[in-house]
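Here the structure is laid out as structure tokens; the discussion comes afterwards.
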Amino acid sequence: MQLIKGESSFWINKEKLTKEKFQWQSEYFAVSVSGSVIDKVRNYIKNQEIHHSKKSFQEEYEEFILKYGFEEFDDNQ
């Protein structure tokens, strides 16, 4: 995951896709999804700003971790 984050942030900055320097946060989790829900996931990503006006990313993240029993990883450790 560290390699993917590093390579993607390098590419984003090289291509100047953001006004400011792009940098991933240190915490992350990765999950796989069934092909049958890909459209649902795309829709969620597309509407994150609206979604997170009702529930913060941090609130949703913590609920998700607890609900599914995921383990947290931190690049800084």
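The values are calculated or read from the model by the stated rules, or taken from the named source; none is laboratory data. All of these numbers come straight from a predicted model, not from anything done at the bench. As a convention, Cβ positions derive from the backbone with ideal geometry for all residues, glycine included, and neighbour counts pool all protein chains shown.
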Note down all Cβ pairs under 7 Å where the first residue falls in the stretch 13-26 and is in contact (Cβ under 8 Å) with a residue 24 or more places away in the chain, the second is in a loop (DSSP other than H, G, I, E, B), and they're at least six residues apart or on different chains.
-> Ser26/Asp75; Ser26/Asn76
Tyr28, sole failed condition from (1) in contact with a strand residue (DSSP E or B) (Cβ under 7 Å, 6 or more places away or on another chain); (2) more than 25 Å from Glu71 (Cα to Cα) | (2)
Can you tell which of Lys19, Lys67 is basic (Lys, Arg), assigned by TED's automatic domain parsing to the domain that holds Gln2 and farther than 21 Å from Gln2 by Cα?
-> Lys19
From Ser36, Ser26, residue being more than 20 Å from Gln2 (Cβ to Cβ) and small (Gly, Ala, Ser) = Ser36
Residues (exposed (fewer than 10 other Cβ atoms within 10 Å of the Cβ), closer than 24 Å to Glu72 by Cα and at pLDDT 90 or above) located in the stretch 7-53 = Ser34
Members of the stretch 1-27 that are acidic (Asp, Glu) and part of a loop (DSSP other than H, G, I, E, B) | Glu15, Glu20
